[in-house]
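Below is one structure, written out as structure tokens; comments come after it.
The values are calculated or read from the model by the stated rules, or taken from the named source; none is laboratory data. Values in this document were obtained by computation on a predicted structure and should not be read as measured data. Glycine gets a Cβ as well: all are built from the backbone with ideal geometry, and neighbour counts include every protein chain shown. What goes into the accessible areas is simple: the full protein's heavy atoms, side chains included, and nothing from ligands, DNA or RNA. Shrake-Rupley method; radii C 1.70, N 1.55, O 1.52, S 1.80 Å.
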2 protein chains.
Amino acid sequence: MVTIKDIAQIANVSVSTVSKVLNGKGRVSEKKRREILKIARDLKYTPNYYARRMSSRIRVHTIGLIVPDITNPFFAKLARGVQRVCGEDVLVILMDSFRDLEREEKLIRKLRFFGVDGIIIGNSRVSDDLVKEVSQFLPVVVFDKNYEYKNVVSIVLDNFHGAYIATKHLIDKGYRNIVHIGGTHELYVSLQREEGYKAAMKDHGLSPRVYPTGYDELKGYKMMKRILKAENVDGVFCMNDLVAIGAIRAIKERGLKIPDHIGVVGFDNDEELCETVSPSLSSVHQPVEEMGEAAAKSLVDMISSRIRVRKYVFSPRLVVRESSSGKKG
Amino acid sequence: MVTIKDIAQIANVSVSTVSKVLNGKGRVSEKKRREILKIARDLKYTPNYYARRMSSRIRVHTIGLIVPDITNPFFAKLARGVQRVCGEDVLVILMDSFRDLEREEKLIRKLRFFGVDGIIIGNSRVSDDLVKEVSQFLPVVVFDKNYEYKNVVSIVLDNFHGAYIATKHLIDKGYRNIVHIGGTHELYVSLQREEGYKAAMKDHGLSPRVYPTGYDELKGYKMMKRILKAENVDGVFCMNDLVAIGAIRAIKERGLKIPDHIGVVGFDNDEELCETVSPSLSSVHQPVEEMGEAAAKSLVDMISSRIRVRKYVFSPRLVVRESSSGKKG
DNA sequence: TTCTTTTGAGACAACGTTTTCGCAATATGC
DNA sequence: GCATATTGCGAAAACGTTGTCTCAAAAGAA
């Protein structure tokens, strides 16, 4: 590798002079400046980041982003948002923990070991202890959860509101017997969505019925099948799109029409999924990319210890498609 | 930050001794060893990666992975594969170029600037010049393209074979008037898939008909519409799943039944997509994760200058679903 | 006891930069 | 022509490690 020394030797100057020229600092004569620049170019010199980082105040920030599953469009979008704000001076190290919490812990330590300047944790299931520990050393951004630790910023979606507008939309479209297929409450968001649903139902004089289950297509399918057997339903608000897709399958199998007999609304608005399924699925959209952007920005703010916001709250909006376009008959 | 010096001071020893203990090298008395280890733990010492990397032979490798769109399941899976092989001693820096070739170039330079030890380029549209330039400094892995440069490894899928078995499958299922909705040939793979299709058709005494278009759902939809107007078709082999989804939409709109009247097969086997669309879509599966794994492994091999393979060829397999289950009537 | 070997530990250079300081040489002001 | 200000450049320390080399002390062999 060609170093600053090599350049200095060829140009017959000291390393300090070369460094000054390369960084545009200090005073160097125009003549030498040109000469040194030319040599550097000819030699295809690239500064050694590691050395540079050692000797000076860092000017380039590295931030680590850990997601439980990069294959999940939600996290892919998050990653996009984070990367979008990162110009020349920020490097994002993206890591996939494969939904394995133990691996996630390891990765976080690995990031620390590799000397990142801050960490964004995409998984809301991460343990509080870990967040506490890491935030002692580095600024941290987390999602969907509030922390009171210094050095931690929370980015949350107003899940309550999202669930509320989704439910209200079904009511407005004429559906009345609306159930909610929700999650078990180990995910904080599932609780919030449930509450939003309940509030909307109550505000309109309807009685809420919640069916907790898991978060994937199969869980949604099975639960919907059970519900159809058990009671009279004409509307379903699901805690996410996957569950909704499962529910749709169950409803179709039963010979019922969507949206004529039953209206369905999901959550997350995974476009690919929502547009592909038939009928296309209405869903609550999270501004995921924007949330990722906010995460990166606030992390950089913390790193350079500028103003610090403790919490960002984003508002969801409803994307209406065929699956909830109104009851008939 | 706590450094080795701090530990040395507290333990009343020299930095060299601390370093030896921490690295398990050299001879240190059991008593001091314990003492130093304890202090390091209490102080939550983390070695400075940058300093370490400067002074010694590197033991930890960083590899950069650039993908055009992390939101695309294909590249997300690739990223998974790459990350799967990376244990303690390898760090993956994943970057999304947002389908912007200029940005991609910048990112590659950025990676070089950040001192990665090798680069995996996920985008087969990358310019040859860039690959050439980068490979002068770093080992590079590319996909779907062959290079003769030293320091470059190619990982390719046998697209010809994939297209061949997909087409043959349609023929075996009783379809005869099979068309191919392909890509424009700026993507090398599109050419290969087209050739595979043609070969299968000719081998069975059928005449191939190729309709080149783009790579997304809308392009597939429009082209299929045109085809249905223009000629008598009972089978479609599409260059990817997105195009196939578009074709399915056009076919359904026309009032034709899949697979009864027309059989459809896609390429890439994006499970989420293929299983969600109705009828579910048969598709040629690429072992993407395995390819990512191979990429990472061979890159690490090159970095540590062990044996070097110039090219890896992977075989696709067909996943049969409803959309091609046989012609009726 | 005396000589040799082993053990434990510190001093110091090196890695490639940046940055501060000092000092000549030149330019400026009177 | 002298004092002062400015400019151009290099020497050297520092960043946190690792690794080599040296050396004293302890242990072993005679």
Review point. Of the residues that sit in the stretch A:314-329 and are in contact with an Asp or Glu (Cβ under 8 Å, 6 or more places away or on another chain) and on the phi < 0 side of the Ramachandran plot, which one is most open to solvent (accessible area, probe 1.4 Å)?
Key: A:Lys328
Check your understanding: Quick one: would you say B:Ser282 is polar (S, T, N, Q), in contact with a helix residue (DSSP H, G or I) (Cβ under 6 Å, 6 or more places away or on another chain) and crowded, with 24+ Cβ neighbours inside 10 Å?
Key -> yes
Revision key, fill the gap. By my count, strands (runs of 3 or more DSSP E) wholly in the stretch A:258-329 with at least 1 residues that are touching a residue at least 40 places away in the same chain (Cβ under 8 Å) and among the basic types (Lys, Arg) are A:311-314, A:317-319
Point to revise | Residues being more than 14 Å from A:Tyr164 (Cα to Cα) and at pLDDT below 95 - total across the stretch A:175-190 | key: 6
Revision key, fill the gap. Taking the stretch A:15-40 and keeping residues under 48 Å from the mean Cα position of the chain (by Cα), more than 8 Å from DNA strand C (Cβ to nearest atom) and either exposed (fewer than 14 other Cβ atoms within 10 Å of the Cβ) or among the basic types (Lys, Arg) (or both) leaves A:Gly24, A:Arg27, A:Arg33, A:Arg34, A:Lys38
Study note, to complete from the structure: Pairing a residue in the stretch B:220-236 that is over 17 Å from B:Lys257 (Cα atoms) with any residue that is in a loop (DSSP other than H, G, I, E, B), where Cβ atoms lie under 9 Å and the two sit 6 or more apart in sequence or on different chains, gives B:Gly220/B:Gly214; B:Gly220/B:Met239; B:Gly220/B:Asn240; B:Met223/B:Gly214
Check your understanding: From the set of residues in the stretch A:1-14 that are over 46 Å from the mean Cα position of the chain (by Cα) and not β-branched (Val, Ile, Thr), which is nearest to DNA strand D (Cβ to nearest atom)?
Key -> A:Ser14
Check your understanding: Restricting attention to the stretch B:42-84, which residues are more than 10 Å from chain A (Cβ to nearest Cβ) and of a type in the set (Asp, Glu)?
Key -> B:Asp42
Review point. Can you tell me which residue in the stretch B:123-147 is surrounded by the most Cβ atoms within 10 Å (Cβ to Cβ), limited to those that are more than 18 Å from B:Leu299 (Cβ to Cβ) and without any contact (Cβ under 8 Å) to a residue 24 or more places away in the chain?
Key: B:Asp128
